[in-house]
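The values are calculated or read from the model by the stated rules, or taken from the named source; none is laboratory data. Only a predicted model underlies this, so the values are computations on that prediction, with no experimental measurement involved. Please note: Cβ atoms are built from the backbone with ideal geometry, for glycine as well, and neighbour counts cover all protein chains shown.
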2 protein chains.
Amino acid sequence: MNQQTIETKCVAIIGMGLIGGSLAIRLREKGISSEIIGVDADKDHAAKAIELGLADRMLSLQDAVRLSDVVIFAIPVDSMVHLLPVVLDMAEHQIVVDLGSTKAQLADAVKAHPKRGRYVASHPMWGTEYSGPEAAVSGAFEKKAVILCDLSDSDADAAEWTRQMFGAIGMHLIEMDAVSHDLHAAYVSHISHITSFALANTVLEKEKEDDAIFELASAGFESTVRLAKSNPAMWVPIFRQNRENVLDVLNEHISQLRKFKSCLEKENWEYLAELIEGANKIRRILK
Amino acid sequence: MNQQTIETKCVAIIGMGLIGGSLAIRLREKGISSEIIGVDADKDHAAKAIELGLADRMLSLQDAVRLSDVVIFAIPVDSMVHLLPVVLDMAEHQIVVDLGSTKAQLADAVKAHPKRGRYVASHPMWGTEYSGPEAAVSGAFEKKAVILCDLSDSDADAAEWTRQMFGAIGMHLIEMDAVSHDLHAAYVSHISHITSFALANTVLEKEKEDDAIFELASAGFESTVRLAKSNPAMWVPIFRQNRENVLDVLNEHISQLRKFKSCLEKENWEYLAELIEGANKIRRILK
């Protein structure tokens, strides 16, 4: 699985923002794309994608699908649910890949589609808190995991090319079904965003009476709060589609926080130390 | 306030861990110390501090104070409350600085001390999730804030040298009283650690039934959870000394999280978008 063995293709990317733009850079870096055709409903983003050299040309959705070998979706998950069946209607030989953060509703939306086999469901576990074409960076995705869902529902050639493409850009592949994906993503990605949004709101609330508070922001604060810059247009649809899992994890998280609260209220310092030692076990996983 | 104007001194550092060790490197880099004398109750840490060249020599507390011009405390805040008055008893011309994360109890512990003037209370807003001498790094503290507390209670020469020292290692100085410090630190540092510990425990709890979950950990997850590696020996005393402020902020944080929970339960996506847009205002502060 490296760039030598992968067939170069003309790739259309729908959504030239952070994810789509960063993938465009990466595909070109690795010599995987013969051409990048961009599609973006936002005229400013479309112009910016050309200006920054992310896409070779910007076309309408229909023309982009018609002229490409691979169509990659990098738009918010609510738009994707509507647009993916439309693109599959148009597809003939094309491989259609999505990079969305939720998978179950998308899987449902196309499960009876006659061209379901052309579609490969993926979720590369990479992103930043920024959005738009200017947020695209080189070297993205490297050494991160990508989850491929329900691969047995994809045609063999589509699954194989997509596997090779993610391997060639330096990702390690994990396969699971769409329902499991959404549960896991709630734990290792979606909840982090909620805690970060809530932490930002906690401190911004305080700032109303004390405008000097942020002068003090430490490196630790920046690290836990940076995700709070993330875009609602991307995140509301994710929370909406993964509502039940996110609610379960959020309830568990609030009950974990209540344990810390109870230790402080009862001045139970031994148990507080135990809770922290328990949390330290994360060292085993995060190097 | 740069290294040209600062008088070189023999500096004793009590506690050669992450903070003490990193400061030792920085003082030497900037030519501020004529000699670094280390003090550490942990024999392994003491040996490591010599091996890594953090200290020129390791001495007993008494000898270190006697032979130095400046004594800097970099030990957990509970030990500091006991040891600071002892060191002030021994001090003659020495400047005594602490780098602890809480300030009010320490201020109380020495407020009636006859040599209170020799002491300067500081909190450099820098750290990492690691601990011990091996965790010490070069370039620490650069461009971060340092809070100096109750400076009018310090002798002019002690306050001035400490100001110059922090300026010379690249920090910007903020002055406030010890009680205000503890309130602010609860918001911009202590709560981040609690959310991170609780988030780690939330996901580790899930891992008991699903050991593959961490393969998926995204960059966002790492960023919000990395503080959960932090040492209980440092953090329990901080939470203990700053109990009331941390409880207030934690209650506010839980109520912010409940707003997200309520949006998800009631499928109120408009309000969810508003909460996220509110959190996005953090962009103004964190670049």
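Limited to region A:237-248, what total is found for residues that are buried (at least 21 other Cβ atoms within 10 Å of the Cβ) and within 7 Å of chain B (Cβ to nearest Cβ)?
2
How many of the residues making up region B:254-284 are modelled with pLDDT of 95 or more, at the interface with chain A (Cβ under 7 Å from one of its Cβ atoms) and under 18 Å from A:S230 (Cβ atoms)?
13
Kindly indicate whether any position in region A:215-224 is farther than 16 Å from B:C263 by Cβ, in contact with a Leu (Cβ under 6 Å, 6 or more places away or on another chain), among the charged types (D, E, K, R) and not assigned by TED's automatic domain parsing to the domain that holds A:I19.
Yes, because at least one residue in region A:215-224 is farther than 16 Å from B:C263 by Cβ, in contact with a Leu (Cβ under 6 Å, 6 or more places away or on another chain), among the charged types (D, E, K, R) and not assigned by TED's automatic domain parsing to the domain that holds A:I19.
Yes or no: B:V203 surrounded by 21 or more Cβ atoms within 10 Å (Cβ to Cβ), farther than 26 Å from A:D182 by Cα, of a type outside the set (S, T, N, Q) and not assigned by TED's automatic domain parsing to the domain that holds B:S131? Break it down into steps so the answer makes sense when it comes.
Values: surrounded by 21 or more Cβ atoms within 10 Å (Cβ to Cβ): yes; farther than 26 Å from A:D182 by Cα: no; of a type outside the set (S, T, N, Q): yes; not assigned by TED's automatic domain parsing to the domain that holds B:S131: yes.
No; evaluated as a whole, the condition is false for this residue.
Which is in the same structural domain as A:E222 (by TED's automatic domain parsing) and buried (at least 21 other Cβ atoms within 10 Å of the Cβ), of A:A74, A:A186?
So the residue among A:A74, A:A186 that is in the same structural domain as A:E222 (by TED's automatic domain parsing) and buried (at least 21 other Cβ atoms within 10 Å of the Cβ) is A:A186.
Which of the residues spanning region A:17-67 are under 21 Å from A:K143 (Cα atoms), of a type in the set (G, A, S) and surrounded by fewer than 22 Cβ atoms within 10 Å (Cβ to Cβ)?
A:G31, the sole residue that qualifies.
Which is touching a Lys or Arg at 6+ places or on another chain (Cβ under 7 Å) and more than 14 Å from chain B (Cβ to nearest Cβ), of A:V65, A:V86, A:V120, A:V70?
A:V70
In region B:249-275, how many are of a type in the set (D, E) and buried (at least 16 other Cβ atoms within 10 Å of the Cβ)?
1
In region A:189-202, how many are under 16 Å from the mean Cα position of the chain (by Cα) and closer than 16 Å to A:I254 by Cα?
The qualifying residues number 5.
Can you spot a residue in region A:189-203 that is more than 21 Å from B:S196 (Cβ to Cβ), touching a helix residue (DSSP H, G or I) at 6+ places or on another chain (Cβ under 9 Å) and more than 7 Å from every other protein chain (Cβ to nearest Cβ)?
Scanning region A:189-203, I find no residue that is more than 21 Å from B:S196 (Cβ to Cβ), touching a helix residue (DSSP H, G or I) at 6+ places or on another chain (Cβ under 9 Å) and more than 7 Å from every other protein chain (Cβ to nearest Cβ), so the answer is no.
Is it the case that A:W161 is in contact (Cβ under 8 Å) with a residue 24 or more places away in the chain and either of a type in the set (A, V, I, L, M) or in contact with a helix residue (DSSP H, G or I) (Cβ under 9 Å, 6 or more places away or on another chain) (or both)? Before the answer, list the steps.
Values: in contact (Cβ under 8 Å) with a residue 24 or more places away in the chain: yes; either of a type in the set (A, V, I, L, M) or in contact with a helix residue (DSSP H, G or I) (Cβ under 9 Å, 6 or more places away or on another chain) (or both): no.
Considered against the rule, which asks whether it is in contact (Cβ under 8 Å) with a residue 24 or more places away in the chain and either of a type in the set (A, V, I, L, M) or in contact with a helix residue (DSSP H, G or I) (Cβ under 9 Å, 6 or more places away or on another chain) (or both), A:W161 comes out as no.
If you go through region A:111-141 one residue at a time, how many are over 15 Å from A:S22 (Cβ atoms) and either surrounded by fewer than 21 Cβ atoms within 10 Å (Cβ to Cβ) or not assigned by TED's automatic domain parsing to the domain that holds A:A24 (or both)?
Residues of region A:111-141 over 15 Å from A:S22 (Cβ atoms): A:111-121.
Then drop every residue that is not either surrounded by fewer than 21 Cβ atoms within 10 Å (Cβ to Cβ) or not assigned by TED's automatic domain parsing to the domain that holds A:A24 (or both), which leaves A:111-117.
Residues that pass the stated criteria total 7.
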